[in-house]
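Have a look at the structure below, then the notes.
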4 protein chains.
Amino acid sequence: MSFAPRHPDFAAKVRASFDAQRFMQHVGARLTEIEPGRCTVETDHDPSLTQQHGFFHAGVVATLADDAAGYAAFTLMGALDSILTVEFKVNLVAPAKGDRLVARGEVLRSGRTLSTCRADVFVVRDGEEHLCAASQATLMRLVGGFGGEGGPAGNSGHGEG
Amino acid sequence: MSFAPRHPDFAAKVRASFDAQRFMQHVGARLTEIEPGRCTVETDHDPSLTQQHGFFHAGVVATLADDAAGYAAFTLMGALDSILTVEFKVNLVAPAKGDRLVARGEVLRSGRTLSTCRADVFVVRDGEEHLCAASQATLMRLVGGFGGEGGPAGNSGHGEG
Amino acid sequence: MSFAPRHPDFAAKVRASFDAQRFMQHVGARLTEIEPGRCTVETDHDPSLTQQHGFFHAGVVATLADDAAGYAAFTLMGALDSILTVEFKVNLVAPAKGDRLVARGEVLRSGRTLSTCRADVFVVRDGEEHLCAASQATLMRLVGGFGGEGGPAGNSGHGEG
Amino acid sequence: MSFAPRHPDFAAKVRASFDAQRFMQHVGARLTEIEPGRCTVETDHDPSLTQQHGFFHAGVVATLADDAAGYAAFTLMGALDSILTVEFKVNLVAPAKGDRLVARGEVLRSGRTLSTCRADVFVVRDGEEHLCAASQATLMRLVGGFGGEGGPAGNSGHGEG
């Protein structure tokens with residue numbers, strides 16, 4: 001699907017919000033693609049991100065899926081809008097065993113209030129991407145910012161106030 | 001619901017698996033309750049765990065929900081069994097604004113192969129618990145360990161091999 | 001949890017909406033409980049509702065779960081509000097083998113725009129209720145009706161316009 | 001993705017299972033595509049399938065999504081295998097307003113025991129397909145049939161025994 005952004009500086013807005021999420025730094029995540037209705041978030045393997053077999057922990061997989069979906073939706077929102085995650089669901093289809101995790105989010109539908117997105121998460125192993133998780137999410141647009149503060153907010157990861 | 005564990009040392013088994021998950025240490029999580037069919041995981045607020053408003057990031061909420069559900073299921077498995085998360089879904093019902101996050105998982109049904117669990121996540125604010133997320137998860141039992149290694153494995157957070 | 005309805009005739013409003021859903025009659029469903037924040041929907045076994053083993057089809061289980069959750073949320077809405085289902089997730093935990101299906105919905109959180117609900121579905125066999133499905137749903141409140149028509153609408157089962 | 005079926009007569013097996021589901025006849029559903037890893041289920045608009053606005057009820061949308069996903073997975077199973085739905089999640093992205101409902105299921109991953117599928121549901125209006133729902137499902141393979149009966153079973157729509 002192709003989408004037209006409402007805000008010309010959508011990429012800068014997404015980047016500012018992402019940079020304000022301390023947890024993204026904590027898991028080493030970076031934004032590697034920001035297009036209207038699409039967003040990619042990646043992180044490299046690090047022992048701090050693993051479960052008991054040394055693979056990426058499901059929590060890291062879910063975190064990246066949530067952010068990729070949320071920022072995909074955020075690319076289509078207005079200059080003063082904030083966004084929050086209403087819910088998301090992750091099917092873990094294969095072990096996240098590899099050197100890098102790549103979460104690609106895309107908007108299925110961008111409504112007035114709610115957006116529905118999908119994010120697929122791939123693990124890179126021996127130079128090849130393997131699907132390790134598939135997710136669906138609902139995001140909510142908050143006009144004029146979360147809690148009335150007005151400023152840029154971004155994928156805030158929680159229910160409405 | 002009340003459940004009888006198959007393995008007398010279920011608590012030690014859960015604890016060993018949890019301790020082997022490096023990501024749990026990375027998010028400061030600790031196991032605070034291990035009963036047959038129930039498990040509680042908590043973490044304290046820290047700037048590294050936040051989104052752009054300073055609240056707990058949805059990824060942290062999801063991580064704790066996944067672990068509480070997974071270890072609740074794991075309490076009912078056998079001495080040599082491993083476990084992995086098949087899927088989970090999180091509804092974020094309120095901002096995770098507070099000092100501490102408490103995820104309480106419980107088993108709805110423990111089948112031969114699959115377990116279904118719920119985990120509610122509360123945020124502690126001014127000394128009171130507030131529901132911030134509700135989740136449902138499917139977990140899979142792997143007889144004799146994940147990938148054939150036989151030993152204790154625990155909530156491995158990924159699809160079957 | 002206990003909730004206070006915004007509309008004194010919430011039960012009549014729920015009933016009118018339910019009665020307007022032709023599909024409810026098609027699956028023989030009836031409303032058997034309407035309390036603030038809670039709703040129960042039931043149907044009796046009939047060959048037309050079965051899958052290949054003669055048990056209730058998952059589609060019937062999901063339909064009742066959706067309606068019980070949606071009308072639980074609808075009990076807390078205003079006189080002119082409509083409601084629609086944003087998403088729902090069903091874990092099928094045991095075969096729906098029995099004489100009657102009972103879906104009990106309850107509100108976890110009733111927000112300004114969104115409500116989060118759970119519905120558990122039980123199958124009655126030999127006079128006893130057995131849990132066969134657990135679900136979580138997000139519902140959306142539409143002020144003044146769906147599509148601007150203003151009148152009572154109820155759980156409409158689709159995305160926003 | 002492309003998949004190789006394990007059973008040469010997978011289409012006949014899917015068809016036999018579908019025909020044994022009385023609820024499919026009750027909602028007027030028909031199988032219109034059966035390929036390895038893919039399946040399409042459709043139904044025409046009928047007043048008996050509607051909610052209060054005359055659109056397809058969410059329960060019908062969910063039913064078709066479940067069947068399309070389940071039979072997509074079933075195309076890849078063996079001659080004696082049965083299948084059951086473990087869980088599914090549906091995001092309702094737009095009103096199901098139209099003449100016909102088309103659910104297209106596809107396999108994301110077909111594991112030894114579990115399969116993960118997606119199904120998109122479209123409503124046909126003025127001759128054009130519009131996405132009205134997106135779903136993800138987990139299906140389970142039962143070797144040698146459900147409950148030990150051995151014969152062909154198909155998407156049985158309930159948890160394991």
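The values are calculated or read from the model by the stated rules, or taken from the named source; none is laboratory data. Because the structure is predicted, anything quoted here is derived from the model rather than measured. For neighbour counting, all protein chains shown are included, and Cβ atoms are generated from backbone atoms with ideal geometry for every residue, glycine included. All accessible areas refer to the heavy atoms of the entire protein, side chains included, with ligands and DNA or RNA removed. Shrake-Rupley method; radii C 1.70, N 1.55, O 1.52, S 1.80 Å.
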Those residues that are of a type in the set (A, V, I, L, M) and within 28 Å of D:F18 (Cβ to Cβ), I need them from the stretch C:23-68; list them, please.
-> C:M24, C:V27, C:A29, C:V41, C:L49, C:A58, C:V60, C:V61, C:A62, C:L64, C:A65, C:A68
The stretch D:62-94, subset acidic (D, E) and touching a helix residue (DSSP H, G or I) at 6+ places or on another chain (Cβ under 9 Å), residue farthest from D:V27 (Cα to Cα) | D:D81
If you scan the stretch C:98-115, which residues turn out to be in contact with a Gly (Cβ under 8 Å, 6 or more places away or on another chain) and within 14 Å of chain D (Cβ to nearest Cβ)?
-> C:G105, C:L114
Within the stretch B:80-130, how many residues are more than 30 Å from B:R6 (Cβ to Cβ) and in contact with an Asp or Glu (Cβ under 6 Å, 6 or more places away or on another chain)?
-> 3
Can you name the condition, by its number, that D:F3 falls short on among (1) in a loop (DSSP other than H, G, I, E, B); (2) within 14 Å of chain C (Cβ to nearest Cβ)?
-> (2)
Residues within the stretch B:121-142 that are out of contact with any helix residue (DSSP H, G or I) (no Cβ under 7 Å at 6 or more places or on another chain) and in a strand (DSSP E or B), tallied | 14
Among what's in the stretch C:135-161 and is surrounded by 23 or more Cβ atoms within 10 Å (Cβ to Cβ) and at pLDDT 95 or above, pick the residue that is farthest from the other protein chains (Cβ to nearest Cβ).
-> C:L139
Matching entry among A:A96, A:A73, A:A69, A:A58 (being closer than 30 Å to B:D44 by Cβ and within 10 Å of the chain's Cα centre (by Cα)) = A:A69
All positions within the stretch B:54-87 that are among the small types (G, A, S) and over 20 Å from A:A133 (Cβ atoms) | B:G54, B:A72, B:G78, B:A79
Would you mind listing the strands (runs of 3 or more DSSP E) fully within the stretch A:22-120 where at least 3 residues are crowded, with 24+ Cβ neighbours inside 10 Å and touching a residue at least 40 places away in the same chain (Cβ under 8 Å)?
-> A:82-92, A:100-110
Would you point out the residue of the stretch D:6-15, among those that are within 14 Å of another protein chain (Cβ to nearest Cβ) and in contact (Cβ under 8 Å) with a residue 60 or more places away in the chain, that is most open to solvent (accessible area, probe 1.4 Å)?
-> D:K13
Quick one: C:V123 ticks every box in (1) modelled with pLDDT of 50 or more; (2) open to solvent by 10 Å² or more (accessible area, probe 1.4 Å) except a single one, so which number is it?
-> (2)
Take D:F18 and decide whether it is outside any loop (DSSP other than H, G, I, E, B), open to solvent by less than 10 Å² (accessible area, probe 1.4 Å), modelled with pLDDT of 95 or more and aromatic (F, W, Y).
-> no
